[in-house]
Amino acid sequence: MLSASAPDVLQAQTPKDIQKVVGKISSLKVGGKETLSVTMRDRTRLKGRLVGFNDRSFLLADQRSGKDVSIAYSDVKSVSSSKSGLSTLAKIGIAIGIGIGILLGVCVRGDHGCGYG
């Protein structure tokens, strides 16, 4: 027996889902350097910087159009932010590299700190 799947239907956002979006937006700095990636419930995607927010919506400076777009929290499926600059993992890698460099410098110099000589 074959079954046909129903067409994609947008389900109503639960208050918990909306509250997650509100929490994420309200934790960000207005006019900050973070770039937001917003996935709408209709699967469209927007990227830009947070310009402002209130209890029902937020304002995004859209990267593509350069215009400010008002987005209702209830229309958002997900939102993520990316800060400019190095990630935590990159910073850890740099610190490890510096530590290894210092250790090798001490060993090569011959301070007998590496068990040689």
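Of the numbered conditions (1) more than 14 Å from Ser78 (Cβ to Cβ); (2) assigned by TED's automatic domain parsing to the domain that holds Ser80; (3) at pLDDT below 90, Arg56 satisfies every one except a single condition; which is it?
The number of the failed condition is (3).
Only one of Thr44, Thr35 is hydroxyl-bearing (Ser, Thr, Tyr) and without any contact (Cβ under 8 Å) to a residue 24 or more places away in the chain; which? Can you show your working first?
Numbers: Thr35 fails: without any contact (Cβ under 8 Å) to a residue 24 or more places away in the chain.
After ruling out the rest, the residue left standing is Thr44.
In segment 44-59, how many are surrounded by fewer than 16 Cβ atoms within 10 Å (Cβ to Cβ) and over 18 Å from the mean Cα position of the chain (by Cα)?
Step one: of segment 44-59, the residues surrounded by fewer than 16 Cβ atoms within 10 Å (Cβ to Cβ) are 44-45, 47, 51-52, 54-56.
Filter once more, so that each one left must be over 18 Å from the mean Cα position of the chain (by Cα): 54-56.
Number satisfying all stated conditions: 3.
Only residues that are aliphatic (A, V, I, L, M) and closer than 18 Å to Lys16 by Cα: list them for segment 31-70, please. Lay out the reasoning, then the answer.
Within segment 31-70, the first condition is being aliphatic (A, V, I, L, M), and the residues that meet it are 36, 38, 40, 46, 50-51, 59-61, 69.
Those that are aliphatic (A, V, I, L, M) and closer than 18 Å to Lys16 by Cα: Val38, Met40.
The values are calculated or read from the model by the stated rules, or taken from the named source; none is laboratory data. What you see is a predicted model; the values in this text were computed from it and never measured. Neighbour counts are summed over all protein chains in view; Cβ atoms, including those assigned to glycine, are modelled from backbone coordinates with ideal geometry.
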